[in-house]
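**Student:** This is the structure, below, for whatever I ask next.
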Amino acid sequence: MPVYKAPLRDVKFLLNEVFDYPGHYASLPSGENATPDIVDAILSECAKFSEQVLSPLYQSGDEEGCTLTDGEVKTPAGYKDAYDQYVMGGWQGLSAPEHYGGQGLPASMGLLKQEMMGTANWPFSMYPGLSMGAMNTIYLHGSEDQKETYLHPMTEGRWAGTMCLTEPQCGTDLGQVKTKAEPQADGSYQITGTKIFISSGDHDLTENIIHIVLARLPDAPKGTRGISLFIVPKFLPAEDGQVGERNGVVCGSLEKKMGIKASATCVMNFDGAKGFLIGPENQGLECMFTFMNTARIGTAIQGVGPAELSYQWALDYARERRSMRAVSGKKEPDQVADSLIHHADVRRMLLTQKAIAEGGRAMLYDAARLADHMVEAHTAGDPEKADQYDDKLGFLTPILKGFLTELGNEAANLGVQVFGGHGYICEHGMEQIVRDTRIATLYEGTTGIQALDLLGRKVLLMTQGGAVRDYTLRIANFARKLLTDKKMRPYGLELLKLTGQWNWLTVRLMLIARKDRDMVSAAANDFLMYSGYVSMAYMWARMAAVANQKLKHGGEESESFYKSKLATAEFYYERLLPRAQAHATSMLSPSRTLMSLDSDDMAFTG
């Protein structure tokens with residue numbers, strides 16, 4: 001069975017050499033204990049847990065899946081023991097406030113942990129991952145009593161959390177939510193309705209599950225302005241803080257799905273369940289965005305993770321599997337055939353996976369610094385500063401989620417292709433990566449929803465192009481520094497050209513959209529993908545600049561590592577970045593090419 005190996009050298013390269021995380025942590029109140037030695041120790045232990053505990057359960061969990069008996073979900077063999085080890089290691093509280101039993105480390109440490117664990121076993125990592133979003137929502141919007149009641153056991157990992165948004169009649173369009181919340185004399189609410197697609201909705205890993213639920217009050221306005229947010233525990237907390245009586249919420253069924261079969265995706269029935277309002281009435285969607293943005297950044301990891309995992313396994317296979325001779329002549333004359341690694345097209349696929357995994361990881365780590373600052377501002381009671389960082393992160397979130405998950409799917413499919421027919425056979429694990437990764441472009445908002453959020457909301461409506469101007473200014477300031485170095489000058493010139501084009505495209509779309517409202521939707525996906533390719537180009541230029549400097553000074557033990565970075569950066573700019581121009585052309589195509597046919601004209605007539 002293939003195994004996962006944590007890419008610690010690449011992780012440390014980004015943390016210590018590209019983004020100066022030691023200096024970043026030193027500037028944060030929560031970073032006092034995040035010294036280089038402590039961070040290294042945490043990364044090492046996380047790698048060990050991911051490799052030795054989680055990775056071996058990846059395929060077996062898929063084969064067994066979850067089971068439902070009398071409303072109770074049982075996870076695959078080994079999951080409960082692995083989760084107990086996870087709790088004993090203190091992993092759930094890594095970035096949680098010390099007041100609630102956490103270790104108080106910067107929020108980005110949680111992302112580093114989640115990337116390794118998610119790459120080793122994404123279905124498992126979803127259970128504690130959903131809890132993190134619930135904890136953040138309660139921490140930011142809950143009352144002091146709610147925080148004291150729920151955050152302590154959730155930080156310990158004894159209790160888990162979910163997000164309950166989607167219903168049978170609505171997916172992303174939450175204005176159609178019908179779940180009811182009836183006020184009770186004791187200040188609680190009676191929650192009645194059905195939620196679907198609820199990840200980790202029920203399981204046997206924890207003693208309690210805390211559902212964060214969207215529902216409507218009796219006099220609520222229609223649409224999204226009439227949605228409130230509620231805490232609905234599976235078991236009501238007792239006065240001593242332990243688990244009390246069973247609440248009226250139960251798993252009605254498990255979804256039969258394409259992948260992530262070891263992750264319980266549930267239909268949850270709320271039958272007069274006792275709930276507690278969190279945040280102001282009718283402002284539930286605003287509060288839920290805390291949860292959703294956390295989940296979207298987490299989901300972006302599922303673009304990087306499968307690219308990394310599929311690349312590792314495909315690379316090993318390409319080194320060992322022999323087939324035909326290289327076009328340029330025999331590379332291994334003593335063997336019956338040359339290894340796949342010697343064929344240029346196989347290298348194209350492997351380098352594409354490598355560029356996506358390492359470029360995507362850099363995009364995540366860059367954004368994680370913003371998340372640290374945002375959390376610190378919230379903790380310090382500085383909402384204005386928190387909003388500034390939230391806006392910066394909000395611009396990047398749909399790019400991270402939409403672009404990286406699309407490329408993660410591409411990388412996973414390339415892994416199957418490297419294996420050829422063997423990639424289609426379950427025992428090698430490659431087809432499971434494809435099945436598990438496919439959901440990433442769907443949940444927490446499809447790629448189309450992310451694209452509309454980016455172009456329609458973040459760029460055109462909220463900032464009138466200001467978000468693009470601010471981000472491209474950051475890229476341009478970096479690019480100009482590259483012009484004095486002969487080797488790096490081509491990267492700098494290309495980035496400067498792209499920043500100008502990105503702004504020009506934004507203005508063009510703004511002008512066209514004034515007369516053609518369909519243009520926003522028609523151009524959104526291409527705009528998102530273009531933004532992603534340019535953002536990743538910026539990251540690869542940053543990595544190449546560091547590698548170039550290291551090689552100039554010489555004497556490095558990791559000379560081959562830095563040469564690999566430069567070669568992969570060159571590959572990205574020559575082979576993948578040109579895709580951005582196709583998206584640039586396509587996004588300016590008139591919307592009539594999509595909208596001219598009536599729905600009847602599109603019907604099948606065979």
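**Student:** I want to confirm something. Restricting to segment 243-275 and keeping residues that are outside any loop (DSSP other than H, G, I, E, B), over 29 Å from the mean Cα position of the chain (by Cα) and not small (Gly, Ala, Ser), which single residue is surrounded by the fewest Cβ atoms within 10 Å (Cβ to Cβ)?
**Tutor:** Step by step, filter segment 243-275, then rank; the result is Glu245.
**Student:** Related question: Among Ser44, Ser30, which is the only one that is farther than 28 Å from Met268 by Cβ, out of contact with any Gly (no Cβ under 8 Å at 6 or more places or on another chain), surrounded by fewer than 22 Cβ atoms within 10 Å (Cβ to Cβ) and of a type in the set (Ser, Thr, Tyr)?
**Tutor:** Only one candidate passes the filter, namely Ser44.
**Student:** Oh, and also: If a residue has to be small (Gly, Ala, Ser) and part of a loop (DSSP other than H, G, I, E, B) to count, how many in segment 335-353 make the cut?
**Tutor:** The qualifying residues number 1.
Yes or no, residue by residue, for (1) assigned to a helix (DSSP H, G or I); (2) polar (S, T, N, Q); (3) in contact with a Phe, Trp or Tyr (Cβ under 9 Å, 6 or more places away or on another chain); (4) in the same structural domain as Ala318 (by TED's automatic domain parsing):
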{"residue": "Glu384", "(1), (2), (3), (4)": "yes, no, no, yes"}
{"residue": "Ile433", "(1), (2), (3), (4)": "yes, no, yes, yes"}
{"residue": "Thr437", "(1), (2), (3), (4)": "yes, yes, yes, yes"}
{"residue": "Gly445", "(1), (2), (3), (4)": "no, no, no, yes"}
{"residue": "Gln464", "(1), (2), (3), (4)": "no, yes, no, no"}
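**Student:** Further, regarding this structure: Mind telling me which of the residues Leu236, Leu315 ends up being outside the structural domain of Ala411 (by TED's automatic domain parsing) and touching a residue at least 24 places away in the same chain (Cβ under 8 Å)?
**Tutor:** On the way: Leu315 fails: outside the structural domain of Ala411 (by TED's automatic domain parsing).
Unique residue meeting the criteria: Leu236.
**Student:** Another question, then. Only one of Gln302, Gln242, Gln283 is out of contact with any Leu (no Cβ under 9 Å at 6 or more places or on another chain) and either modelled with pLDDT under 95 or under 26 Å from Pro76 (Cβ atoms) (or both); which?
**Tutor:** Only one candidate passes the filter, namely Gln242.
**Student:** So which of Met488, Met539, Met510 is over 24 Å from the mean Cα position of the chain (by Cα), in contact (Cβ under 8 Å) with a residue 24 or more places away in the chain, within 19 Å of Glu358 (Cβ to Cβ) and surrounded by 13 or more Cβ atoms within 10 Å (Cβ to Cβ)?
**Tutor:** Checking each option against the conditions leaves just Met488.
**Student:** Also, quick follow-up: Being surrounded by 22 or more Cβ atoms within 10 Å (Cβ to Cβ) and touching an Asp or Glu at 6+ places or on another chain (Cβ under 8 Å) is the filter here, so list the residues in segment 230-242 that pass it.
**Tutor:** Correct list: Lys234 only.
**Student:** State yes or no: is Ser108 outside the structural domain of Met374 (by TED's automatic domain parsing) and within 25 Å of Gly303 (Cβ to Cβ)?
**Tutor:** Yes: the conditions hold for Ser108.
**Student:** While we're looking at this one, here's another question. When you look at Ala314, is it among the small types (Gly, Ala, Ser), over 19 Å from Thr137 (Cβ atoms) and modelled with pLDDT of 85 or more, yes or no? Write out each step before concluding.
**Tutor:** Values: among the small types (Gly, Ala, Ser): yes; over 19 Å from Thr137 (Cβ atoms): yes; modelled with pLDDT of 85 or more: yes.
Yes; evaluated as a whole, the condition is true for this residue.
**Student:** Within the bounds of segment 40-56, is there any residue that is outside the structural domain of Asp372 (by TED's automatic domain parsing) and touching a Pro at 6+ places or on another chain (Cβ under 7 Å)?
**Tutor:** No, every residue in segment 40-56 fails to be outside the structural domain of Asp372 (by TED's automatic domain parsing) and touching a Pro at 6+ places or on another chain (Cβ under 7 Å).
**Student:** Still on this model: May I ask you to say which residue of Leu551, Leu566 is in contact with a Leu (Cβ under 9 Å, 6 or more places away or on another chain), of a type outside the set (D, E, K, R) and at pLDDT below 95?
**Tutor:** Just a single option satisfies the conditions, and that option is Leu551.
**Student:** I'm trying to understand the selection: among the residues of segment 35-62, which are under 19 Å from Cys426 (Cα atoms) and without any contact (Cβ under 8 Å) to a residue 60 or more places away in the chain? Walk me through how you get there before you give the answer.
**Tutor:** At the first step, the residues of segment 35-62 found to be under 19 Å from Cys426 (Cα atoms) are 54-62.
Residues satisfying the conditions are Pro56, Ser60.
**Student:** Being under 30 Å from Asp526 (Cβ atoms) and among the charged types (D, E, K, R) is the filter here, so list the residues in segment 403-430 that pass it.
**Tutor:** Once the filter is applied, which keeps residues that are under 30 Å from Asp526 (Cβ atoms) and among the charged types (D, E, K, R), segment 403-430 yields Glu406, Glu410.
**Student:** Do the conditions hold for Glu320, that is, is it surrounded by 16 or more Cβ atoms within 10 Å (Cβ to Cβ) and farther than 17 Å from Tyr443 by Cα?
**Tutor:** So Glu320 fails the test.
For every residue, the table says whether it meets (1) farther than 20 Å from Arg361 by Cα; (2) assigned to a helix (DSSP H, G or I).
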site: Leu498; (1), (2): yes, yes
site: Trp504; (1), (2): yes, yes
site: Arg508; (1), (2): yes, yes
site: Tyr530; (1), (2): no, yes
site: Ala541; (1), (2): no, yes
site: Lys552; (1), (2): yes, yes
site: Ala582; (1), (2): yes, yes
site: Thr593; (1), (2): yes, yes
site: Asp598; (1), (2): yes, no
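**Student:** Quick one: Leu495 ticks every box in (1) touching a Lys or Arg at 6+ places or on another chain (Cβ under 7 Å); (2) in contact (Cβ under 8 Å) with a residue 12 or more places away in the chain bar one, so which box is it?
**Tutor:** All conditions pass for Leu495, except number (1).
**Student:** Looking at this structure, is Thr149 of a type in the set (Ser, Thr, Tyr) and over 23 Å from Pro56 (Cα atoms)?
**Tutor:** So Thr149 passes the test.
**Student:** Only residues that are more than 23 Å from Leu105 (Cβ to Cβ), touching a helix residue (DSSP H, G or I) at 6+ places or on another chain (Cβ under 8 Å) and at pLDDT 95 or above: list them for segment 134-165, please.
**Tutor:** Listed by number, the residues that qualify are Gln146, Thr162.
The values are calculated or read from the model by the stated rules, or taken from the named source; none is laboratory data. Keep in mind that what you see is a predicted model, and the values were worked out from it rather than measured. Note: ideal-geometry Cβ built from the backbone for every residue, glycine included; neighbour counts use all protein chains shown.
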